[in-house]
Amino acid sequence: MDSVLWISELILQNQPSTFAELTDLVRERARAGDRFLRMDIKPPYPDTPENWEFRLEGAFTSPI
């Protein structure tokens, strides 16, 4: 795995259909060994919460 996980690449490569699916993907990639999370775009889903950065960071830093 790369050491940097870009949200835009994760969305393009996996095509999640909801923010919840994206969160699960972020968690999986953290478990797989990515070391840094870069939030270069806002997730384009209707269920994306206002605090989406904190939610994805939480999923990345607490992958269990």
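Averaged over residues, the count of other Cβ atoms within 10 Å places the peptides 21-27, 42-48 in the sequence 21-27, 42-48, highest first. Computed from Cα atoms, the angle from the helix 52-61 axis to the main principal axis of the chain rounds to 20 degrees.
Modelled spin-label separation between L12 and D24, with each label point placed 7 Å from Cα along the Cα-to-Cβ direction: 2.4 nm. Placing unit charges on the Cβ atoms only, positive for Lys and Arg and negative for Asp and Glu, gives region 4-61 a dipole magnitude near 180 debye about its Cα centre.
Across region 17-29, coupling constants 3J(HN,Hα) worked out from phi with the 6.51/-1.76/1.60 Karplus curve, θ = phi - 60°, read 9, 9, 5, 4, 5, 4, 4, 4, 5, 4, 4, 4, 5 Hz, and Gly and Pro carry x. Its relative contact order, with pairs defined as Cα atoms under 8 Å and 6+ residues apart, puts the chain at 46 percent.
For R31, put the label point 7 Å out on the Cα→Cβ axis and report which residues of region 6-21 keep their amide N under 15 Å from it. Zone members listed by number: 21.
Laboratory data are not the source of any read-out in this text; all were calculated from the coordinates shown. The model shown is predicted, which means the values in this text are computed figures rather than measured ones. Here the Cβ is made from the backbone with ideal geometry for all residues, glycine too, and neighbour counts use every protein chain on show.
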